[in-house]
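Peer 1: Here you go, one structure.
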Amino acid sequence: MAIANPATGEPVATCPRGSARQLDAAVAAAKAAFPGWARTSLQERRRLLTTIADVIEANADELAALLTAEQGRPLSDATLEAHGTAAFFRHVAGLEHETRVLDDGPDRRVELRRRPLGVVAAILPWNAPLLVIAFKVPAALLAGNTVVVKPAATTPLATLALARLIAEVTPRGVINVVTDANDLGDRLTDHPDVAKVTFTGSTATGLKVMANAAKTLKRVTLELGGNDAAIVLDDADPRAVAPGIFHGAFWNCGQVCLAIKRLYVHDSLYDELCEELAALARQAVVGDGSDADTQIGPLQNRMQYEKVKGFLADARAHGRIVAGGELSGSAGYFVAPTIVADIAEGSRLVDEEQFGPILPVLRFSTTKEAVERANASPYGLGASVWSSDLDRAVAVADQLEAGTVWINKHIDVAPHIPQAGAKQSGIGAELGEVGLLEYTQVQVLNVKK
């Protein structure tokens, strides 16, 4: 199948498209490898993760070039993603999930053990293909599971390249990669030999994944959509907070589930902050990710581009565009970073997840009102509060219904910090020790003395 470069809309490469039979073969390979991998020592599993990290770092330039070509992000960001992927693998290699003694009295000894589950299906999104591998695969492997990875249909190249690079250092069947054209997801999540599904993507697709997994009570970890709200209190400095807010909304062309999607600003700061953000939007360099000066690349695929065009039309109908709003005159999927003022709930741009470079800015008068409006969403992935008074900001954060709340920043992700969604933004957690335990089965050993 052809893979398009989103900066041109033209094919950049062709890659294999897996069949249903090949998917079944990959699951069978993972199932056959599981007993031997589960019996390997923790030290051996750590060694594999560290070796994979070394391979990624040694080939970071090649992987980054593929990421830019298929995903569109600036090469500097793609390079950071490649090195970040290695760092996540390396961190997980050092995590612990040791047996805990719950009772060691005269009559009994009770131990809490963590056992591997079996074959894990890891389904990836197109916005950060390599990094999301590192959210899932190293924890699954360290726990003793084997994996079948399915990259997004529009961004399989870097994942396939990584598989090729690590094939010789990985035991046969432990890691498997199957590509598709969005036609094998149901078969993978419904497969009777898959013990767990870990999925990152839209809430709509997550509902289908969960329904399929329910047929055999597969374990699931779902990291789904977000409509993250940021609240700027009346004591914030607009000039000081604008760069952080802009980055939180427009990094990766706004194609981040944790990105700021709704910005609530106190009346007293509203006009000034809108202009600060508009100035940053006008200055941003939009272009091909392979150009050194590019700060914001294209949207990743034509389908998303068409969706964002619909959100732009909604912004013009229900708000006031103060910066941006322009579409590419070329074949690529470019949209200028766009600031929309004088818009409110009830519009698509505010109520839905735009997943693109458009930020609606909404007014509020009281903090209570801002919190209620921020929480009035079926999503609850992330949120942020911006203030010069940390105690006041923490008090507001405590009222927000989100898995992660940042203060005076947004999108600060690290391998030791768990990430979880509230409400329809997900089930379970990824990263850190909490994320590692998602790949284990509790086993209690209760011994009579």
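Peer 1: For residues that are closer than 21 Å to Thr440 by Cβ and of a type in the set (Gly, Ala, Ser), tally how many sit in the range 157-206.
Peer 2: 2
Peer 1: Evaluate the following for Gly144: is it of a type in the set (Gly, Ala, Ser), crowded, with 17+ Cβ neighbours inside 10 Å and outside any helix (DSSP H, G or I)?
Peer 2: The answer is yes for Gly144.
Peer 1: Against the condition within 24 Å of Val178 (Cβ to Cβ), among the hydroxyl-bearing types (Ser, Thr, Tyr), open to solvent by 40 Å² or more (accessible area, probe 1.4 Å) and in contact (Cβ under 8 Å) with a residue 60 or more places away in the chain, how does Thr51 come out, does it pass?
Peer 2: Judged against the criteria, Thr51 is a match.
Peer 1: Let me ask something else. Quick check on Thr40: is it surrounded by fewer than 22 Cβ atoms within 10 Å (Cβ to Cβ), out of contact with any Phe, Trp or Tyr (no Cβ under 7 Å at 6 or more places or on another chain) and farther than 29 Å from Val119 by Cβ?
Peer 2: Criteria not met by Thr40.
Peer 1: Could you tell me how many of the residues in the range 158-177 are open to solvent by 20 Å² or more (accessible area, probe 1.4 Å), in a helix (DSSP H, G or I) and touching a residue at least 24 places away in the same chain (Cβ under 8 Å)?
Peer 2: 3
Peer 1: With the condition being open to solvent by 40 Å² or more (accessible area, probe 1.4 Å) and charged (D, E, K, R), I'd like the strands (runs of 3 or more DSSP E) fully within the range 343-449 carrying at least 1 qualifying residues.
Peer 2: Answer list for the range 343-449: 358-364, 440-448.
Peer 1: Of the residues that sit in the range 327-342 and are of a type in the set (Gly, Ala, Ser) and in a loop (DSSP other than H, G, I, E, B), which one is least open to solvent (accessible area, probe 1.4 Å)?
Peer 2: Here the residue is Gly332.
Peer 1: Would you tally the residues in the range 14-37 being touching a strand residue (DSSP E or B) at 6+ places or on another chain (Cβ under 8 Å) and open to solvent by 40 Å² or more (accessible area, probe 1.4 Å)?
Peer 2: 3
Peer 1: Looking at the range 178-192 only, could you name the residues that are loosely packed, with under 15 Cβ neighbours inside 10 Å and over 26 Å from Thr14 (Cα atoms)?
Peer 2: Correct list: Pro192 only.
Peer 1: Under the condition of being polar (S, T, N, Q) and out of contact with any helix residue (DSSP H, G or I) (no Cβ under 8 Å at 6 or more places or on another chain), which residue from the range 199-220 is surrounded by the most Cβ atoms within 10 Å (Cβ to Cβ)?
Peer 2: Among those that are polar (S, T, N, Q) and out of contact with any helix residue (DSSP H, G or I) (no Cβ under 8 Å at 6 or more places or on another chain), it is Thr203.
The values are calculated or read from the model by the stated rules, or taken from the named source; none is laboratory data. Since the model is a prediction, treat every value here as computed from it, not as a measurement. When we count neighbours, we look across all protein chains shown, and the Cβ atoms used for this are built from the backbone with ideal geometry, even at glycine. Side chains are part of the model used for accessible areas, which takes the heavy atoms of the whole protein and leaves out ligands, DNA and RNA. Shrake-Rupley method; radii C 1.70, N 1.55, O 1.52, S 1.80 Å.
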